[in-house]
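Notes for the one structure printed next.
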Amino acid sequence: MSIGGLRAENVLGADWESGAIATVCLINGARWAIVRGISDIPRREGAKDADRQVDDYRRHTPAIMGKLMGAA
């Protein structure tokens, strides 16, 4: 689904990775918890916005991880 389609459905966030992690953990009988921090938000479709998201990720992730890990 496109960003516009997600917004039309009032979706505030989407997580593609956690479902795969949860499935692998379930198959292997491993206990798991996923803690997420939002580092980048898509604004529109296209390569220019994807590049901006990568920059946002690089800029915001150290502070987010510091807070999640109790280092900040």
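Listed by first and then second residue, the pairs linking a residue in the range 18-40 that is without any contact (Cβ under 8 Å) to a residue 24 or more places away in the chain to a residue that is of a type in the set (S, T, N, Q) and part of a helix (DSSP H, G or I), with Cβ atoms under 6 Å apart and 6 or more places separating them unless they lie on different chains, are I34/S18; D40/Q53. Can you confirm whether the range 48-58 contains a residue that is aromatic (F, W, Y) and assigned to a loop (DSSP other than H, G, I, E, B)? No; the residues of the range 48-58 include none that is aromatic (F, W, Y) and assigned to a loop (DSSP other than H, G, I, E, B).
Please enumerate the residues belonging to the range 20-31 that are of a type in the set (A, V, I, L, M) and part of a loop (DSSP other than H, G, I, E, B). Explain how you work it out, then say what you get.
Here is the first cut: in the range 20-31, the ones of a type in the set (A, V, I, L, M) are 20-22, 24, 26-27, 30.
Listed by number, the list holds a single entry, A30.
Go through the residues of the range 32-46 one by one and say whether even a single one is of a type in the set (A, V, I, L, M, F, W, C), in a helix (DSSP H, G or I) and at pLDDT 85 or above. Checking the range 32-46: not a single residue is of a type in the set (A, V, I, L, M, F, W, C), in a helix (DSSP H, G or I) and at pLDDT 85 or above. Can you pull out every residue in the range 1-25 that is under 17 Å from G37 (Cα atoms) and of a type in the set (D, E)? Answer for the range 1-25, where residues must be under 17 Å from G37 (Cα atoms) and of a type in the set (D, E): D15, E17. So, E17, is that one of a type in the set (D, E, K, R), loosely packed, with under 10 Cβ neighbours inside 10 Å and within 30 Å of G4 (Cβ to Cβ) or not? Taking the combined requirement at face value, the residue satisfies it.
The values are calculated or read from the model by the stated rules, or taken from the named source; none is laboratory data. Just so you know, these numbers come straight off a predicted model, no measurement behind them. FYI the Cβ positions are ideal-geometry reconstructions off the backbone, even for glycines, and counts take in every protein chain you see.
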